[in-house]
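**Q** After the structure tokens below, expect a handful of questions from me.
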Amino acid sequence: MQAEPSQISDNDLLHAVARGDELALAACYDRYRLILFGLILRILHDRQEAEDVLQEVFLQVWRRAGDFDEARGRAFTWLVTIARSRALDRLRAAGSRTRLSDQAAQMPRAEVGDAALDALKSEQGFIVRTALAELPEDQRKTLLLAYFEGLTQTEIAARLGDPLCTVKTRMRSGMIKLRELLGPSRDLI
Amino acid sequence: MEHQDYQELLELHALDALDVSEARVLEAHLKTCTECRDELGQLRDTAGLLAHAADPAGPSPEVRSRILAGISADKQSQPVVSTARAIPLKSRAERNVWMIGLRLAAAIALVALLVGVIVLWRRDMKMRLEIAQLARQVNTQQRELVHDRDVLGRQRDALAILNSPNAKKMELAGTQTAQTARGTFVYDQKTGRAILMAEGLPATPTDKAYELWFIPKGHSPMAGRIFTVDASGHAMLPENMPPEAMANAVIAITLEPKKGSAVPTGAIYLSSPSS
């Protein structure tokens, strides 16, 4: 497993974790730390908090990998869902929002030199960003508010000052379009 | 809501953007609709890709160490966990022990009960036997008592007759047939109450009985009572003297058929001297 962890599928990796394979968890961390930490940081805007949450996420992965069912979705979705939920929970917890004020100072730029990071930016990030760029601005905005701020349709309508039904339509259309755009390349990501 | 209406909620649910009430309604539908469930799965995969919209970022290297240390600690605490898991097993084993114990106790209780029942039943039987025996004894004693009272009564009667100033005594002598036999016949000349005491008579054959006869002078014999003798040849018999026999009569004992005879048919065993 240590030799060529990248050749092992995400599914097999999680199954190995479920069996208590610590190396599999380490491989899983190495494979997804950048994207998951990026996601958590994007939600929390605080490195310290984001690192705490990342640690929580992998402990949860370690303990709950047995719950992963590949018939119900991709391993990547399972990991990302845990990271996003944990981060949003932390965001909603009292005190987290107050730190949003100094988010600018905390924004990560330290690890730009990481080769894997560059590779990620050049592949998966590029595809998703390109797809998002093809969506109309108002659709893209609702999706990002829902995804990274954990807002509901009603909260988004209030935030943007738009009617609820308009927000619903935009979100639905945005998801449908995104699915069309990412459909063929989804397995590559 | 129609299936179509639920379908229109799936995109927003994939982003967890539905309001709570709508989300709850949809979740209820998802439990029964595999089509919507599959659709939602695909939409969640799409939504998950939005994570790539965030700039990837590298956490500090200590995070990796902390995670790996954390899971090692978690794994070391596994023995605790597995002990914790073993507790149900152990308690299941204990429960089994309890079950075995309970069954054993039940079996012992059953055996004890059966033994108890048998003991009680046997004791009951024994007591019944004892009671029956006692009842028989009481019966026997009662009969003996009755007999004794009878004998006593007869003896009292005999005494009363013997003590009576009107008593008349007649000696009976054994005949050729019963030479050792002898007897006494006493009667009250006023009341006619009489008593026969005999001894030395041969044991009574089973199909025979002795019969007492009064033979007044110039009359044919008058049948008196029939009787048997005990093993020693004794007999004591109360009797009522027929008025005809009071004056001057011969008393005789013959052996007759068991039910007695109207006229003497058998041999004479005892007889008063003819006057």
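Quick note: the coordinates plus some simple rules give every number you see, no bench work behind them. Since the structure is predicted, the reported quantities are computational estimates derived from the model, not experimental observations. Don't worry about glycine lacking a Cβ; one is built from the backbone with ideal geometry, like all the others, and counts go over all protein chains shown.
**Q** Just checking the protein assembly as shown: which Cys have no other cysteine's beta-carbon under 4.7 Å?
**A** A:CYS28, A:CYS165
**Q** Which entries in the list B:LYS169/B:LYS217; B:LYS190/B:LYS217; A:LYS141/B:LYS31 go over 25 Å, if you measure between the two C-alpha atoms of each? Could you put the intermediate results ahead of the total?
**A** Values: B:LYS169/B:LYS217 18 Å; B:LYS190/B:LYS217 19 Å; A:LYS141/B:LYS31 31 Å.
Result: A:LYS141/B:LYS31 exceed 25 Å.
**Q** At 7 Å along Cα-to-Cβ for each site, give me the label-to-label distance between B:GLU171 and B:ALA135 in nm.
**A** 5.3
**Q** Averaged over peptide B:7-14, how many Cβ atoms belonging to another chain are found within 10 Å of each residue's Cβ?
**A** Values: counts 0, 3, 2, 2, 10, 9, 0, 6.
Other-chain Cβ atoms within 10 Å of each residue's Cβ, averaged: 4.
**Q** Please give the Cα centre distance for segment B:13-62 versus segment A:148-183, rounded to the nearest Å.
**A** Centre-to-centre distance over Cα atoms comes out at 13 Å.
**Q** In the protein assembly as shown, if the dipole is taken from +1 on Lys/Arg beta carbons and -1 on Asp/Glu beta carbons about the Cα centre, which of B:MET99, B:MET241, A:LEU41 is farthest to the positive end?
**A** In the protein assembly as shown, that residue is B:MET241.
**Q** Using alpha carbons only, how many angstrom separate the centre of segment A:28-80 from the centre of segment B:206-275?
**A** When both Cα centres are located, 135 Å separates them.
**Q** Next question. Divide the volume of the convex hull of the Cα atoms of chain B by its number of residues and quote the answer in cubic angstrom per residue. All intermediate terms of the calculation are to be shown ahead of the outcome.
**A** Values: hull volume 116.3 nm³, N = 275.
Once divided by residue count, the hull of chain B is 423 Å³.
**Q** Which three extents, in angstrom, do the Cα atoms of segment B:165-271 have along their principal axes, listed largest first?
**A** 36, 26, 22
**Q** Could you pull out every whole DSSP H run in chain B that spans at least 24 Å of Cα extent along its own axis and averages 0.0 or higher on the Kyte-Doolittle scale?
**A** Span-like helices, by this rule, are B:78-163.
**Q** Could you pull the Rg and Dmax for segment B:222-273, using just the Cα atoms, both in Å?
**A** Reported Rg and Dmax, both Å: 11.7, 34.
**Q** Determine the shape class of segment B:3-87: with a ≥ b ≥ c the square roots of the Cα gyration tensor eigenvalues, call it rounded for a/c under 1.5, and otherwise prolate if a/b is greater than b/c, oblate otherwise.
**A** Values: a/c = 3.64, a/b = 1.62, b/c = 2.25.
Note, shape of segment B:3-87 comes out oblate.
**Q** Moving on. How large is Rg over Rh for the protein assembly as shown, taking Rg from the Cα atoms and Rh as the Kirkwood inverse mean of 1/r across Cα pairs?
**A** Working: Rg = 62.6 Å, Rh = 33.0 Å.
Using Cα coordinates only, the ratio equals 1.90.
**Q** Roughly what would the spin-label model give for B:ASP5 and B:ARG143, points 7 Å off Cα along C-beta, in nm?
**A** The modelled label-to-label distance comes out at 10.3 nm.
**Q** Out of every Cα-Cα pair in segment B:88-163, what percent are more than 16 Å apart? Don't skip to the end; give the middle numbers.
**A** Values: 2085 of 2850 pairs.
Percent of Cα pairs beyond 16 Å in segment B:88-163: 73.
**Q** Related question: Please give me, ordered by residue number, the trypsin sites (Lys or Arg not before Pro) of segment B:186-275 that lie in loop per DSSP and have at most 10 other Cβ atoms within 10 Å.
**A** Numbers: sites: B:LYS190, B:ARG193, B:LYS208, B:LYS217, B:ARG225, B:LYS258, B:LYS259; in loops: B:LYS190, B:LYS217, B:LYS258, B:LYS259.
Here the trypsin sites (Lys or Arg not before Pro) that fit, given the DSSP loop and packing criteria, are B:LYS259.
**Q** Moving to a separate point now. May I ask you to derive the FRET efficiency for A:ARG63 and B:GLU27 from their Cβ-Cβ distance with R0 = 25 Å, giving the value to the nearest 0.05? Intermediate values should be presented prior to the final figure.
**A** Numbers: r = 24 Å, r/R0 = 0.97.
So, using R0 = 25 Å, E works out to roughly 0.55.
**Q** Just want the answer: with Cβ charges of +1 for Lys and Arg and -1 for Asp and Glu, which residue in B:SER21, B:LEU68, B:CYS36 is farthest toward the dipole's positive end in segment B:3-87?
**A** In segment B:3-87, that residue is B:LEU68.
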